[in-house]
Amino acid sequence: MKTILSFLIIIFVFTFSAFLQKVVPGDRVQTRVNVRDMPSTSGIVIGSLEIGESAVLITDTIPYWYQVIVNTGDTGYVSKAWTSIVEAPAVSDKGDLVIGSWNIKWFGNSSNDKHNYQAMADIVMEMDVLAIQEIKGNHFTDRLDSLQAELGSRGYNYTYIFSEETGYKGNPGEDKNNYVERYAYFWDVDRVELINPDTPYYYISEPIINNPHFRAVPIVSDFKVKSEEGFDFRIVTIHTVYNEKIEEVRAAEIRFLHEWMNEQVFNLDIQEKDIFIIGDFNANPKGQTAFFDSIITDTTGYRVIFNEPLLAGESSKRTTILVKQNITEKDHQLPAYDHLLLSKHTTYAIPIYPITWASGIIGVGEFDQEQKWEGMTRHEIIAAMSDHRPVWIKLDYNTEDRD
């Protein structure tokens, strides 16, 4: 009996530490649920629980009401009739800080939304910060809200920022047709915070329309981990040109990034040295000049993370989805369009060289290979998800900050 009791206690402790109970708006909620200062409809409304948001459950023992902690840190009460409890992994249970990137094809460009948000959330919920490229059109906020709402329904508390449009408008340059897009960052607010919420991002170069160096000018944001160590870091996300007619633009974009990274690393007046440049570099597309490999050579200031497995004898991993027939194993290996440049200063946080796929520290989300898509065409999979696979890197969530 004593052995059984001990076993049950172990199970209880594990369950308690591995899951955190949260409260989310119920299925019939259209916009938000009021948060009141007392468990009564006569209580003062002190806030709201929006669709896609969650609150930490304090107790469910009060008749008709949950006592919760909302995102502002305030304690209040929400009606049980309009909310439900979900279980999410506790912050302490996720030992890794995961930073990712995903080019989501024409996200928001069409009024006909075919995205599978459940499958997309399966990917995003594994990341603490996700950079998104290729946000376009008039429906992008609906898309971002839908993804946030799906994550919120699972008890995760993600938010996002998006940039202004950047690109070509009325550009007189030959073949520089009108093209604009936005970038976005999605992050788990329970684990990571934006350092400068009043200035959540800035552009790496100006102007943001018809820039001489970039088509879509990259954005920069600074984040900090909500741990005692408080590791902070800078992320730049980019989407370079994929166009044979203006491939010289891609060369200028990559050259600018190369010089910018070196300036960040070697200029002692710049304090932040933990830097991740991540996104769709369109690196070395077939039939076009290999600007990426020709410019990213003198890398004394940073590491080309997704090239490191090659140094260990591993194959490259394709980061885009093929639509051709008769796909071979080699097709899944090349090309790696999406990349990550990591400042060498940050090697203290990932003291392994070269990093391999087998290490589990880096990865490509090959979602299109999952059984759930069996019977669907690749075009249908792309419409539901994207023509790019997400990429990511892990480091210890409790990494100390050394800059």
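See the values below:
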read-out	value
Residue 151 vs. criteria in the same structural domain as residue 305 (by TED's automatic domain parsing), touching an Asp or Glu at 6+ places or on another chain (Cβ under 9 Å), under 27 Å from residue 26 (Cβ atoms) and of a type outside the set (S, T, N, Q)	yes
Conditions (1) in contact with a strand residue (DSSP E or B) (Cβ under 9 Å, 6 or more places away or on another chain); (2) crowded, with 21+ Cβ neighbours inside 10 Å; (3) closer than 21 Å to residue 31 by Cα: number failed by residue 127	(3)
Set 88, 81: member being over 30 Å from residue 282 (Cβ atoms) and either of a type in the set (D, E, K, R) or modelled with pLDDT under 90 (or both)	88
Given (1) at positive phi; (2) in the same structural domain as residue 132 (by TED's automatic domain parsing), number of the condition residue 105 does not satisfy	(1)
Matching residues in region 57-66 - criterion: being in a strand (DSSP E or B) and either surrounded by fewer than 18 Cβ atoms within 10 Å (Cβ to Cβ) or in the same structural domain as residue 148 (by TED's automatic domain parsing) (or both)	58, 59
Residue count for region 158-175, restricted to those that are surrounded by fewer than 22 Cβ atoms within 10 Å (Cβ to Cβ) and touching a helix residue (DSSP H, G or I) at 6+ places or on another chain (Cβ under 9 Å)	6
Flag for residue 168 being closer than 18 Å to residue 213 by Cα, modelled with pLDDT of 95 or more and touching a strand residue (DSSP E or B) at 6+ places or on another chain (Cβ under 7 Å)	yes
Residue 86 being farther than 30 Å from residue 38 by Cβ, crowded, with 17+ Cβ neighbours inside 10 Å and not basic (Lys, Arg)	no
Matching residues, region 97-144, being assigned to a strand (DSSP E or B) and not β-branched (Val, Ile, Thr)	97, 100, 101, 102, 103, 105, 106, 107, 130, 131, 133, 134
Within region 137-180, considering residues that are more than 21 Å from the chain's Cα centre (by Cα) and aromatic (Phe, Trp, Tyr), the one nearest to residue 32 (Cα to Cα)	179
Residues being more than 22 Å from residue 151 (Cα to Cα) and either in contact with a Leu (Cβ under 8 Å, 6 or more places away or on another chain) or at pLDDT 90 or above (or both) - total across region 41-74	10
Condition check for residue 107: among the aromatic types (Phe, Trp, Tyr), closer than 24 Å to residue 223 by Cβ and surrounded by fewer than 24 Cβ atoms within 10 Å (Cβ to Cβ)	no
Conditions (1) outside any helix (DSSP H, G or I); (2) at pLDDT 95 or above; number of the one not met by residue 156	(2)
Single match in 381, 355 (criterion: part of a helix (DSSP H, G or I) and surrounded by 19 or more Cβ atoms within 10 Å (Cβ to Cβ))	381
Candidate set: region 29-53, residues that are of a type in the set (S, T, N, Q) and under 27 Å from the mean Cα position of the chain (by Cα); chosen: the one surrounded by the most Cβ atoms within 10 Å (Cβ to Cβ)	48
Residue in region 178-192 that is farther than 15 Å from residue 238 by Cβ, in a strand (DSSP E or B) and among the charged types (D, E, K, R) present	yes
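Each row is one residue, and each column tells you yes or no for (1) free of Cβ contacts under 8 Å to residues at least 60 places away in the same chain; (2) closer than 22 Å to residue 281 by Cα.
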position: 139; (1), (2): yes, no
position: 144; (1), (2): yes, no
position: 195; (1), (2): yes, no
position: 203; (1), (2): yes, yes
position: 218; (1), (2): no, yes
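The values are calculated or read from the model by the stated rules, or taken from the named source; none is laboratory data. These numbers were taken from a predicted model, which means no experiment stands behind them. Glycine also receives a Cβ, built like all others from the backbone with ideal geometry; neighbour counts cover every protein chain displayed.
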